[in-house]
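Below is one structure, written out as structure tokens, with a few remarks after it.
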Amino acid sequence: MRYKWFIGLMIVCMGVSLQAQDFQGKAIYQSKTQVNFDFGNRNIPEDRKKEMMERMKKANEKTFILNFNKTASIYKVEEKLEQPGERGGGRGPRFGAMAGNDGDLYKNIQDQKYLVKNELLGKIFLIDDELEALNWKMESESKQIGNYTAFKATAVKTIKRPNMSAIFRRPGRGEENDEEKKGEEFIIKEVEIVAWYTPEIPINQGPGLYWGLPGLILAVNDDVTTIVCSEITLNPSEKIEIKAPSKGKQVTRAEYDQISQEKMKEMRENFRNRGGRGGGRPN
């Protein structure tokens, strides 16, 4: 019970401080997503497979910046210049883009709404929908993350991800496109979310679509992705602009998922019509 008392005290003390100023901050997060790609029965040399896996791994290691105030935030990937000899990451489909998680993400906790500006195969979409409220379970564990004391919370969340292996897998003899029959463009399953939040920054914000804890979420992981805060700046000297994205075709999450599913079917059909040769290389 002592940790609950501590959380309550921190929220009261910090809450008074936040109300007394035009509070805002900036947090930098490192995100890594495990890549388990099934090459199926494609006859690909081992060195080529290794190269493809390395490219996908690199594409799924990113730095994100979260700018926030008491009610809203904007979460976007940090743009980096390509190193000499590197090929652009825009070639081929990206896991995040197909899932609608790659673009600038605006969250308004007060209205419990979010907007995501996302590019899908050359077209800009603006996903406009309600924030999902997870049923967080407060745990007694705590640990130090940087200069902050963080407490553990868990929740069960239904995850929906593009099944990229289904696109690039070439069906063998007798399979008769089983994936197409099953409609496996997306993988849907329930996973446990583990988050670490700090009451020392008592705002309901966090990386990605995570929110709803009595403190800024410093770290979170599901079954494949781990996101950890590496730096925090509170009340920087220069005012931070938190502006919702406005350009793009406005759609709901369900509508975007349907569009993404249709595009994935098209890519799979085009890839298989080419016999699995050339183009369509995943990043």
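What accessible area per residue comes out for the range 211-252, rounded to a whole number of Å², with a 1.4 Å probe?
Value returned for the range 211-252: 54 Å² of accessible area per residue.
Sorting check: for 108-116, 232-240, which peptide has the highest mean count of neighbouring beta carbons within 10 Å, and how do the rest follow?
Top of the packing list down: 108-116, 232-240.
Taking the Cβ of S73 as the centre, find all other residues whose Cβ is under 13 Å away and add up their charges (Lys, Arg: +1; Asp, Glu: -1). If you can, show how the numbers build up before the last one.
Working: positive: K26, K70, K76, K107, K113, K243; negative: D104, D111, E241.
Neighbour charge sum, excluding S73 itself: +3.
The values are calculated or read from the model by the stated rules, or taken from the named source; none is laboratory data. Please read these numbers as outputs of a predicted model, since none were measured by experiment. We place every Cβ from the backbone using ideal geometry, glycine too, and count neighbours over all the protein chains shown. SASA here: full protein model, heavy atoms, side chains in, ligands and nucleic acids out. Shrake-Rupley method; radii C 1.70, N 1.55, O 1.52, S 1.80 Å.
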